[in-house]
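Participant: So that we are looking at the same thing, I have put the structure below in structure tokens.
The values are calculated or read from the model by the stated rules, or taken from the named source; none is laboratory data. Please read these numbers as outputs of a predicted model, since none were measured by experiment. Cβ coordinates were reconstructed from backbone atoms using ideal geometry, including for glycine residues, and neighbour counts include every protein chain displayed.
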Amino acid sequence: MILGILGGRIYDPRNGKDGEVGDIWVKDGRVVAPEDADREAAQTVDAAGLVVMPGGVDIHAHIVGSEVNSGRKLRPEDHRGHERARSGNLRAGAGGTVPSTYLTGYLYSELGYTTVMQASAAPLVVRHTHEELEDVPNLDKGAFIVMGNNHFVMQCIADKQPEKARDYVAWLLRASRGYAIKIVNPGGVENWKWGKNVAELDDGVIGYGVTPRQIVQTLASIADGLGLPHAVHIHGINLGRHTSARTTVEMIAALDGHRAHLCHLQFLSYGAGRGHVHRSEATAVAAAVNASAGLTVDIGQVIFGDATTMTCDGPLQYGLHRTTGHKWINDDVEGESGGGIVPITYKPSNPINGTMWLTGMELFLLIDDPWRVFLSTDHPNAGPFTSYPQVIRLLMDRDYRREMFDSLHPRARRGALLPELDREYSLGEIAVISRAGPARALGLEHKGHLGVGADGDIAVYEECADKEAMFAHPRYVYKGGELVARDGAVVADVTGRTFSVAPEYDMGIEAELREYFKKAYTVSFDNYSVLAGHGAATEIVACG
Amino acid sequence: MSTVVEHVTCTFCGCLCDDLTVEAEGTEIRKVRLACSSGQGIFMDYDPRPRQPLVDGREVEWEEAVAEAAAILSASDSPLIYGLSSSASEAQRKAVALADRIGAVIDSTSSVCHGPTGLAMQAVGEPTCTLGEVRDRADLLVFWGCNPDASHLRHFPRFSLTAKGALTPNGRADRTVYVVDVRPTGSSKKADHFLQVDIGTDFEVLTTLRLLVKGLEPSVDIVGGVPVTELKELVERMKSCRYGVAFMGMGLTMASARQLNVAELFTLVAELNEFAKFSVIPMRGHGNVTGADQVLSWTTGYPFAVSFARGYPQFSPGEFSAVDMLARRAADAAVIIASDPGAHFPAAAAAHLERIPTIVLDHGPSVVASHAHVLFPTAAYGVDAAGTAYRMDNVPIPLKSVISTGRVTDEEILDRIIEAVA
Ligand code: SF4
Ligand SMILES: [Zn+2]
């Protein structure tokens, strides 16, 4: 099939296009040069006056797998009133902050997004992640594999055997069909199994004597050494605490030039304020980010309204349960991870929530290079991904931002820097933070741009003054050249791909792992890998 | 041709032991190693002979059976899809797709075993862990209203009572074990402490434990037949353990107060975390009943008792649960997948099931299969069909096909029915 999107204003930052009028041709799912498209056979769309962008790329969201599904099951109240009926070949679903799988795909299509990365999966249960990924239509996907509290990794560090750790990590990425290394509260999740946590980069992990610093450094250097397309993806220590900004800055220093992605940075950029209210330390954190060229971040912008917090950070979730009194799920996962879930509602009238909101905004505005700061709400932790258009408006429209700032609790507003930040993102910069930037950070060569060879993932918007309305109702959305949404409504259900990596390693490690598994796991070595059994069909992205 | 397959998973119970070795000669299974006596049965008693589908007891070709099933469903105003717990998640996903397509009510055996557990989780949450954490860390175990000694035969040696792990190198000797039940059981005989509670008093006993955890003093000396001094001793152990785990079963979910019992236990466990790490694991029965909860949750948002009658998923246990749909005569046709409500449902529900047209998918004989209008003899997941199942702690485990019989899977049949009703 050949598709021509003609005469639109093209925002394709990777290829230097900032609103220039032109045509995009797609053949067999990929962007082709105009001369390679048979215009006679083509289906064409008149995009005159419309904004044409690559499909959105979400670098960090929780959309599938064990924690997300526990969140769905936990919250019938979250779904009611947000259901969608089946229609034609489109499946029914239940929405809210933790939507069912089919609806998740549709809702992303309706925003113009075509690629989403599942932010965490414990390898022991990643078979579940892959099962759900198969049931998420209209998106290309990948899963990050949590390793920051992995016993084998920590033992290798304790034994000073970094090569063995590297071979293990490579094996694990293959065995789990994962896309990247994820770290969540390194060492803290293991300590939580003793009812404790870590507070400093040099605190010890019980039973191993290693430190969060060593875990981060080891895994960051392994990611670089293996040439993984995406850097180590880090949720640091002290998330949500008033010490988080300090330890985030320390963590950036500890990375020592290694590539890294720091996720939902907003949750990790607080200092101690007066009373019990944290204050934003966005200035210090943004300065550290600006000074570290190898670093990318996403924000995890708080959205006022309902959210469902879910992370592998068990002690954090317990703390949230204790402060809010809301229902709480904890799940300790043998040998490698843990996690928790607590529903929450963010309110502008709550001074802490107000501080969280403005910390995110300040980070967006203080980090200079849009290629290194990406749009996220850490869905559904800080708010649902369906609120991305609102965040875009907040970034592009300082009056709107000011209006929302003025609605915050006075204790959140007191002394805040935000009102002084006049910066407004341009459309081209939005295309960077929601498409080109995350695609580049993920090492997805054919995503986030519209050059020849790129995937035919395209969103066409009608520009209007209200940028929230603009981004909430794309005129056309194409996935691999197929129309999947029109006028903000999904029209087709197409199967997406799952990306994974397959780094090289010394196979000799498997014999040791086979022995290790007998003691460390309650699942057979051979059944742990998703390569066994039903498996998971993935497309390998090369390491380099 | 003789074959030996290793790392085979047993689908009989929620332990999903995946360390079996199965030896077969052609399609005949000769030997199963490591399975318990319950697990042996699903392999050794399996009849691998291919069978034809039946329509009203008459052997027919597959096309005819599929067409007949589609005709029944197309004529139905209120179809019910039920079972799922002995099927694989791949087939459970197809069952939801069918329900979505035809506007059916879909429910799993969860609603007659741990449905109240799901409701309790929705009310108060659930601090839990995988079974490996129990094996490696737990120094205090409390089995409440469950009897794994009879129902989950390898639970004790593999995961709990006698299992040896990283912090429990001496197994049984490293653990203190409580059983709480209304009568002595095989499990209670193996425990260090048995608290026999009066029937119907679990909630009171649990509330008293919560009270004691908070340092309050009950005004009575005996609760539910148990001296408060013994409850105090348990609370002291709970507060001072390294890693405590409670296992709960149908003794809580099917006693009066049902989900309130379970919510009280889950709340107690959550509150204990102020003092010691504590988790709870529901002792799920059938091999993949946990998978049914998972699949329904990810496709519809809800774990069981889901209706698509209005086009979108609605959740209402007591209304859309299979027993209630049938007893109220609200279903006018049923698809029964790998379970036997004919044998296990209350009389009024079972009687209605005999009145309405039924489409049954099963790998062996059953009461409901014996009066099915359309019977599809299927392969058995984990025996002659591969797939995925979820252990009681939500860990997904692959199921192998250890013999190849050419029998058709639930998944394939459901796919063909979906095509035929489309
Ligand atoms: S304990 Fe359960 S899963 Fe394990 S062998 Fe026995 S019946 Fe099978
Ligand atoms: Zn996250």
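Participant: Taking the criterion of being outside any loop (DSSP other than H, G, I, E, B), at pLDDT 95 or above and among the hydroxyl-bearing types (S, T, Y), would at least one residue in the range B:343-364 satisfy it?
Facilitator: Taking every residue of the range B:343-364 in turn, at least one turns out to be outside any loop (DSSP other than H, G, I, E, B), at pLDDT 95 or above and among the hydroxyl-bearing types (S, T, Y).
Participant: Would you point out the residue of the range A:180-194, among those that are in a loop (DSSP other than H, G, I, E, B) and crowded, with 18+ Cβ neighbours inside 10 Å, that is nearest to the other protein chains (Cβ to nearest Cβ)?
Facilitator: In the first step, residues of the range A:180-194 are kept if they are in a loop (DSSP other than H, G, I, E, B); the result is A:185-187, A:193-194.
Applying the additional criterion that residues be crowded, with 18+ Cβ neighbours inside 10 Å yields A:185-187, A:193.
Working: A:N185: 16, A:P186: 19, A:G187: 16, A:K193: 6 Å.
Among those residues, the one meeting the criterion is A:K193.
Participant: How about the range B:250-262: which of its residues are crowded, with 24+ Cβ neighbours inside 10 Å and out of contact with any Pro (no Cβ under 6 Å at 6 or more places or on another chain)?
Facilitator: If we filter the range B:250-262 for residues that are crowded, with 24+ Cβ neighbours inside 10 Å, which is where we start, we get B:252-253, B:261-262.
Hits for the range B:250-262 are B:L252, B:N261.
Participant: Only one of A:E77, A:E67, A:E40 is surrounded by fewer than 24 Cβ atoms within 10 Å (Cβ to Cβ) and either at pLDDT 95 or above or outside any loop (DSSP other than H, G, I, E, B) (or both); which?
Facilitator: Just a single option satisfies the conditions, and that option is A:E77.
Participant: What's the number of the only condition in (1) within 12 Å of chain A (Cβ to nearest Cβ); (2) of a type in the set (D, E); (3) surrounded by fewer than 23 Cβ atoms within 10 Å (Cβ to Cβ) that B:D174 fails to meet?
Facilitator: If we test B:D174 against (1) within 12 Å of chain A (Cβ to nearest Cβ); (2) of a type in the set (D, E); (3) surrounded by fewer than 23 Cβ atoms within 10 Å (Cβ to Cβ), just (1) comes out false.
Participant: Please go through (1) crowded, with 24+ Cβ neighbours inside 10 Å; (2) within 16 Å of ligand 2 (Cβ to nearest atom); (3) aromatic (F, W, Y) for A:Y346 and return the number of the only condition it doesn't satisfy.
Facilitator: Of (1) crowded, with 24+ Cβ neighbours inside 10 Å; (2) within 16 Å of ligand 2 (Cβ to nearest atom); (3) aromatic (F, W, Y), only one is false for A:Y346: (1).
Participant: Please return the ranges of helices (runs of 4 or more DSSP H) entirely within the range A:466-544 where 1 or more residues are within 30 Å of A:G227 (Cβ to Cβ) and of a type in the set (D, E).
Facilitator: Values: elements: A:467-472, A:509-520, A:525-528.
Per the criteria, A:509-520, A:525-528.
Participant: For the structure I just gave you, tell me whether A:V530 is within 14 Å of another protein chain (Cβ to nearest Cβ) and touching a strand residue (DSSP E or B) at 6+ places or on another chain (Cβ under 8 Å).
Facilitator: For A:V530, the condition - within 14 Å of another protein chain (Cβ to nearest Cβ) and touching a strand residue (DSSP E or B) at 6+ places or on another chain (Cβ under 8 Å) - is not met.
Participant: Something else: Quick one: in the range B:140-159, of everything that is surrounded by fewer than 24 Cβ atoms within 10 Å (Cβ to Cβ) and within 12 Å of chain A (Cβ to nearest Cβ), which residue is farthest from B:F304 (Cα to Cα)?
Facilitator: Ranking the candidates gives B:P157 first.
Participant: Could I ask something else about it? Quick one: which helices (runs of 4 or more DSSP H) sit completely within the range B:207-321 and have at least 1 residues that are out of contact with any Lys or Arg (no Cβ under 7 Å at 6 or more places or on another chain) and within 11 Å of chain A (Cβ to nearest Cβ)? First the steps, then the outcome.
Facilitator: Working: elements: B:228-240, B:250-253, B:258-272, B:289-300.
Passing ranges, in order: B:258-272, B:289-300.
Participant: If you take the residues in the range B:90-128 that are under 23 Å from A:R84 (Cα atoms), among the polar types (S, T, N, Q) and not in a strand (DSSP E or B), which one is farthest from the other protein chains (Cβ to nearest Cβ)?
Facilitator: Among those residues, the one meeting the criterion is B:Q92.
Participant: Out of the range B:263-291, which residues are basic (K, R) and under 17 Å from B:R237 (Cα atoms)?
Facilitator: Across the range B:263-291, the qualifying residue is only B:K277.
Participant: Out of all the residues in the range B:23-41, which are within 12 Å of ligand 1 (Cβ to nearest atom) and among the aliphatic types (A, V, I, L, M)?
Facilitator: B:V32, B:L34, B:A35
Participant: If you don't mind, another one. Being assigned to a strand (DSSP E or B) and either under 28 Å from the mean Cα position of the chain (by Cα) or within 16 Å of ligand 2 (Cβ to nearest atom) (or both), is that true of even one residue in the range B:49-59?
Facilitator: No, the conditions are met nowhere in the range B:49-59.
Participant: Conditions: (1) more than 11 Å from chain B (Cβ to nearest Cβ); (2) not in a helix (DSSP H, G or I). A:V98 meets all but one. Number of the miss?
Facilitator: Result: A:V98 fails condition (1) only.
Participant: Out of the residues in the range B:8-34 that are more than 14 Å from chain A (Cβ to nearest Cβ) and outside any strand (DSSP E or B), which is nearest to ligand 2 (Cβ to nearest atom)?
Facilitator: Among residues in the range B:8-34 that are more than 14 Å from chain A (Cβ to nearest Cβ) and outside any strand (DSSP E or B), the one nearest to ligand 2 (Cβ to nearest atom) is B:F12.
Participant: Modelled with pLDDT of 95 or more, within 26 Å of the chain's Cα centre (by Cα) and part of a helix (DSSP H, G or I): is that true of A:L111 in this structure?
Facilitator: no
Participant: Restricted to the range A:452-480, and to residues that are touching an Asp or Glu at 6+ places or on another chain (Cβ under 7 Å) and more than 20 Å from A:L394 (Cα to Cα), which residue is surrounded by the fewest Cβ atoms within 10 Å (Cβ to Cβ)?
Facilitator: A:R475
Participant: Just to check your reading of the model, which residue among A:R166, A:R174 is over 25 Å from A:L265 (Cα atoms), more than 16 Å from ligand 2 (Cβ to nearest atom), away from every other protein chain (no Cβ under 14 Å) and out of contact with any helix residue (DSSP H, G or I) (no Cβ under 8 Å at 6 or more places or on another chain)?
Facilitator: Sole residue among the options that is over 25 Å from A:L265 (Cα atoms), more than 16 Å from ligand 2 (Cβ to nearest atom), away from every other protein chain (no Cβ under 14 Å) and out of contact with any helix residue (DSSP H, G or I) (no Cβ under 8 Å at 6 or more places or on another chain): A:R174.
Participant: Shifting gears a bit: Return the only residue of A:I215, A:I206, A:I237 being more than 14 Å from chain B (Cβ to nearest Cβ), more than 16 Å from ligand 2 (Cβ to nearest atom) and of a type in the set (V, I, T).
Facilitator: Being more than 14 Å from chain B (Cβ to nearest Cβ), more than 16 Å from ligand 2 (Cβ to nearest atom) and of a type in the set (V, I, T) holds for just one of A:I215, A:I206, A:I237, which is A:I215.
Participant: Further question: Tell me which residues, restricted to the range B:373-422, are touching an Asp or Glu at 6+ places or on another chain (Cβ under 7 Å), in a loop (DSSP other than H, G, I, E, B) and within 11 Å of another protein chain (Cβ to nearest Cβ).
Facilitator: B:S401
Participant: Can you tell which of A:A382, A:A436, A:A416 is among the hydrophobic types (A, V, I, L, M, F, W, C) and within 16 Å of ligand 2 (Cβ to nearest atom)?
Facilitator: A:A382
Participant: Ok, one more. Considering only the range A:327-340, I want to know if a residue exists there that is under 30 Å from A:R413 (Cβ atoms) and away from ligand 1 (no atom under 16 Å from the Cβ). Break it down stepwise before answering.
Facilitator: Narrowing the range A:327-340 to residues under 30 Å from A:R413 (Cβ atoms): none.
No, because not a single residue in the range A:327-340 is under 30 Å from A:R413 (Cβ atoms) and away from ligand 1 (no atom under 16 Å from the Cβ).
Participant: Right, here's the next one. For the range A:137-166, give me each residue that is over 16 Å from the mean Cα position of the chain (by Cα) and closer than 29 Å to B:A91 by Cα.
Facilitator: A:P137, A:N138
Participant: What residue, among those in the range A:67-95 that are of a type in the set (D, E) and more than 7 Å from chain B (Cβ to nearest Cβ), is nearest to the chain's Cα centre (by Cα)? Break it down into steps so the answer makes sense when it comes.
Facilitator: Just the residues of the range A:67-95 that are of a type in the set (D, E), to begin with: A:67, A:77-78, A:83.
Narrowing further to those that are more than 7 Å from chain B (Cβ to nearest Cβ): A:67, A:77-78.
On the way: A:E67: 15, A:E77: 25, A:D78: 22 Å.
Here the residue is A:E67.
Participant: Quickly run through the range A:128-154 and pick out the residues that are of a type in the set (D, E, K, R) and within 13 Å of chain B (Cβ to nearest Cβ).
Facilitator: A:E131, A:E132, A:E134, A:D135
Participant: While we're on this one: Determine which single condition A:H379 fails, assuming it passes every other condition in (1) closer than 22 Å to A:P99 by Cβ; (2) within 14 Å of chain B (Cβ to nearest Cβ).
Facilitator: The single condition A:H379 does not satisfy is (2).
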